Amino acid sequence: MSTSAPFRETAIAKVREYWNSRPCNIRHSPKPVGTREYFDEVEARKYFVEFHIPRFAGFERWKGKKVLEIGCGIGTDTISFARNGAFVTAVDLTEKSLEVARQRAKIYGLEDRIRFIQADAENLGDFVPVERYDLVYSFGVIHHTPNPERVIEQIRKYVGPESAVKIMVYNRWSWKALWILFIYGKGQIWKLRRLIAEYSEAQTGCPVTYSYSRKDGRRLLEDHGFRVTDVMVDHIFPYSIPEYVRYQYKVAWYFRWMPRGLFRSLERAFGWHLCLTARPE
Ligand SMILES: C[S@@+](CC[C@H](N)C(=O)[O-])C[C@H]1O[C@@H](n2cnc3c(N)ncnc32)[C@H](O)[C@@H]1O
């Protein structure tokens, strides 16, 4: 069975409705949305909790280069690329996220480096003029669209022989998937794909969430003319949720005893983020 089969028929309108109702990371700061303090705090929290992102994206490497970001959300990585000197085209399915991201670019004076476009990545060519980018980047997005393969097919149009593609999709064989399976699914492994979709995000009921083994992730790219050059697994969320939603970072009791080195090894083996780097064949 294709990894895409379970949600293939889900309407993109449902996906848009879900993300419009609560853009990703919108509650990363309690400050008024749209202010500089708000955006500073969103960024600090994101890269504190997901500190592997700057390493994966390599923001400083794209100075003076063209970056196409697919599924920019409220624009945390978009700003980091632009601040480091890249020229960014950032697309998202939802008006709400783009509204916040545009305001963010304005606050930091980066409007002339970022072009925002509302687009369904499955039909990117209908929205975004076809040209070559040095990097096509998509973090935590492709697994939320009903037909991820279509997005990869579209990406082909925007790359040349020297371009890089960096995508993050969820890792099926991860601590988080195991957690969802036992806490919400009572161990019913045959329901794993559906359970992951239901409980993958902070707000339950995400209409589409695929997850990929390392092999599936590679295949997603390799079946569409890319050669995977690097696979990195990372990220286990270690904090106690009641404190985390109050902006405090208290490590959950079951990780507190664990030496840092052991925890990092666990993250690299069973992290939730499967980060793939590829080049056109
Ligand atoms: C989990 S958020 C990630 C946002 C951002 N990349 C980040 O790391 O903060 C997923 C984003 O993907 C967008 N998305 C989902 N399906 C999409 C599609 N078919 N085309 C464009 N964007 C899509 C959603 O609107 C949402 O903003």
| message | Over the Cα atoms, compute the radius of gyration (one decimal) and Dmax (the largest Cα-Cα distance, rounded to a whole number) for the stretch 95-204, in Å. | response | 17.5, 51
| Out of residues 5 or more away from residue 65 or on other chains, whose amide H comes under 5 Å of its own, with H placed 1.01 Å from N in the peptide plane? | 87
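Express the Stokes-Einstein translational diffusion coefficient of the chain in µm² s⁻¹, to the nearest whole number, given a Kirkwood radius over alpha-carbon pairs, 25 °C and a viscosity of 0.890 mPa s.
Numbers: Rh = 19.2 Å.
Here the translational diffusion coefficient equals 128 µm²/s.
Provide the net charge surrounding residue 261, with neighbours chosen by a C-beta distance below 12 Å and charges set as Lys +1, Arg +1, Asp -1, Glu -1.
Working: positive: 260, 264, 268; negative: 267.
Once positives and negatives cancel, what remains is +2.
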| message | Out of all DSSP beta bridges in the chain, what portion is antiparallel? Express it as a percent rounded to 5. | response | 45 percent
| said: If amide hydrogens are placed 1.01 Å from N in the peptide plane, which non-local residues have theirs closer than 5 Å to the one on residue 171? | reply: 212, 273, 274
| task | Whole Å is fine, so just give me how far the alpha carbon centre of the stretch 211-249 lies from that of the stretch 127-194. | result | 9 Å
| query | What net charge do the residues around residue 95 carry, taking every other residue with its C-beta under 13 Å from that of residue 95, with Lys and Arg at +1 and Asp and Glu at -1? | reply | -1
| remark: Violations at 28 Å Cα threshold for listed pairs 63/176; 14/66; 31/96; 46/157; 65/106; 46/106 -> 63/176; 14/66; 46/157
| task | Give the Cα extents of the stretch 134-281 along the principal axes, in whole Å, largest first. | result | 48, 33, 27
| query | What nm distance separates the two modelled labels at residue 260 and residue 36, each placed 7 Å from Cα along Cα→Cβ? | reply | 3.2 nm
| Computed helical MRE - 222 nm, the chain, DSSP H runs ≥ 4 contributing -39500 (n - 2.57), nearest 500 | -10500 deg cm²/dmol
| said: If the elastic network links every pair of Cα atoms under 10 Å, which of 145, 89, 204 fluctuates the most in the Gaussian network model of the chain? | reply: 204
| remark: With label points set 7 Å from each Cα along the Cα-to-Cβ direction at residue 246 and residue 14, the distance between them in nm comes to 3.7 nm
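Once you order the gyration tensor axes a ≥ b ≥ c over the Cα atoms, which shape class does the stretch 1-130 get: rounded for a/c under 1.5, otherwise prolate or oblate by comparing a/b with b/c?
Details: a/c = 1.57, a/b = 1.31, b/c = 1.20.
Prolate, because a/c is 1.5 or more and a/b exceeds b/c.
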| field | Charge dipole (debye, nearest 20) of the chain; +1 at Cβ of Lys and Arg, -1 at Cβ of Asp and Glu | value | 760 debye
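Rule-based calculations on the coordinates, nothing more; no lab input. Not measured: the values here are computed from a predicted model. Please note: Cβ atoms are built from the backbone with ideal geometry, for glycine as well, and neighbour counts cover all protein chains shown.
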